[in-house]
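Notes to accompany the following structure.
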Amino acid sequence: MKKIIFTVLMLSCLSTVAQRSEKKDTNSTLASLKHTKDKTVLNQKIKALENGSDQDLWTLIQYYDKNEVKKNAVTRILLQKYPQSQNAQMARISSFLKLKGVEDIETHLQNMIKDYPGVNLDLEKSFVANMYANEMNPAKTLQYINAIDDPGFRIQALMMATEEMAAINDTKAMEFASGELENVKKMKDMAALNGPRKIDPKSAYNNFINLYGKLLFKAGKNEEAFRYTAEAYHNIKKKDEELIENYALLSSLNGDYEQTLPILAKAVEEGKFEQRYIDQVKKGYTKLNPGKDADAYVQELKNTFIKKIRANISSMMVHEAAPNFIVTDVNGKKVSLADFKGKTIVLDFWATWCGPCVESFPAMQMAANRYVNDPDVKFLFIYTWNNVPDLLNDGKNFLAKRNYTFDLYLDPRNPDTKHCAAADAFKIDGIPAKFIIDGKGRIRFKVSGFEGKAETAAEEVVQMVEMARK
């Protein structure tokens, strides 16, 4: 849900150079308010802002950030006087954040529609559509996407909803996108609505089929994937790395090795060890270099990547005694550090609301899969920092919904202190937080946050384990 919120809020913050300039003016005005000591002068400034532009009112909203009553009063003025403004849109989107449950959010939107007749609420409708996409409810998702006025933004909203579903279930997301493909094709040549935030339908269409091609590619539907991937590849100027690599692999299946081998080889050298990439690199290398050892070539590419990873993480090694900790497994059994004596363990502290935690999960699944048959390495995914009444079922349902096979452990909050014992033992100040502990109970690596490619992050964890167990 947090991912949805921040995605939509970022969209709402899109602005022109002039609007960025206004923001600088707002910041200086806000600073002036905060530093004005004379109450008479301060009240005069506030009065002027109350009767000013939407940007002036937005400044006041920021000024009253910790005074909910006054903040709400100024927000109401903004929404009444300037309902079409970007700042009013920001205020409406922000109002969703106070609500819990998609039904309450839907009701809130319906009230907005009644309160602001004639005001474009496309972004707000997209927000609700994405909330339903997160619930894997395609009918409700489409209800609000189809209510969007701007055809370009409608396609963009479809793409966002598809991405939200794909984060949970690729197959369901592909079915959803497939069902709307013909409608998207009809919209791609329509004219965008006028306005500073208009989205070109053709550009939105190209982004949509790029995503659709990626889903087909993941599903192994190569022929259909190539059709849409090629179309996106030839029409999108700023191509992302995944599009380039997918297009190269699909082209190589048609025998185009001369153009694609360098791209595929580079992908393997950067951690793409997926078997279909390895197979195509071997076939391409054999065809272009008859008589040479393709297996040795691929191994050299892999070794280059692994050496780079090891060089990057070697300076991160530590030798610290791990604190004793107690967490609970899914059967209600309490386990501690002593229960894993002689094993190398990977602790991953996470929570369902933590965007970077969830983003790291594909990489962590890759890493965990490498040791699924190794009894001497154990991964503990410790669900912490949450206030849900049923931590066990919340964590289990969250992981199962996304097909992760992690070994789940619980670090509940103490109802009196509000602290999580295991997280406190490791002095965690942010999640995700990972600790690699060797068989003698020493912390050898500790990592916080997540960024970069899944393949790189997974290999970093694997190499940390390998270096820790020596």
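The values are calculated or read from the model by the stated rules, or taken from the named source; none is laboratory data. Source: prediction; values computed, not measured. Neighbour counts run over all protein chains shown; Cβ positions are idealised from the backbone, glycine included. Surface areas here come from the heavy atoms of the whole protein model, side chains and all, with no ligands, DNA or RNA. Shrake-Rupley method; radii C 1.70, N 1.55, O 1.52, S 1.80 Å.
Overview of values
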{"item": "Accessible surface ranking that places the most exposed of 345, 244 first, with a 1.4 angstrom probe", "result": "244, 345"}
{"item": "Subset of 343/440; 47/81; 114/198; 37/81; 302/343; 343/446 violating a 20 Å alpha-carbon distance limit", "result": "114/198; 37/81; 302/343"}
{"item": "Kirkwood hydrodynamic radius (C-alpha pairs) into Stokes-Einstein, region 55-120, 20 °C and 1.002 mPa s, D in µm²/s", "result": "173"}
{"item": "List 419, 108, ordered by accessible area with a 1.4 Å probe, largest first", "result": "419, 108"}
{"item": "Quarter of the Cα convex hull surface for the chain, i.e. its orientation-mean projected area (nm²)", "result": "27.3"}
{"item": "Rounded to 10°, Cα long-axis angle of helix 275-288 versus longest principal axis of the chain", "result": "60"}
{"item": "Antiparallel %, DSSP beta bridges [both residues in the chain], to 5", "result": "65"}
{"item": "Value of D in µm² per second that Stokes-Einstein yields for region 168-280, Kirkwood Rh from Cα pairs, at 20 °C (1.002 mPa s)", "result": "141"}
{"item": "With every protein chain in place, the chain: carbon and sulfur % of accessible area (1.4 Å)", "result": "51"}
{"item": "Cα long-axis angle, helix 2-12 against the chain (0 to 90 degrees, to the nearest 10)", "result": "50"}
{"item": "Rounded accessible area of residue 353 (nearest 10 Å², 1.4 Å probe)", "result": "110"}
{"item": "Within-15-Å neighbourhood charge of residue 147 [Cβ basis; K, R +1; D, E -1]", "result": "-2"}
{"item": "Centre separation in Å (Cα based) which lies between region 179-225 and region 53-129", "result": "30"}
{"item": "Nearest-ten-degree value, helix 257-269 long axis tilted from longest Cα axis of the chain", "result": "90"}
{"item": "Percent of Cα pairs exceeding the 12 Å cut-off, where the set is region 97-141", "result": "61"}
{"item": "³J(HN,Hα), Karplus 6.51/-1.76/1.60, whole Hz, each residue of region 61-71, x for Gly, Pro", "result": "4, 5, 5, 8, 3, 9, 10, 4, 5, 5, 4"}
{"item": "Solvent exposure of the chain as accessible area per residue, Å², 1.4 Å probe", "result": "51"}
{"item": "Value of [θ]222 nm, deg cm²/dmol, for the chain, DSSP H segments ≥ 4, -39500 (n - 2.57) each, nearest 500", "result": "-19500 deg cm²/dmol"}
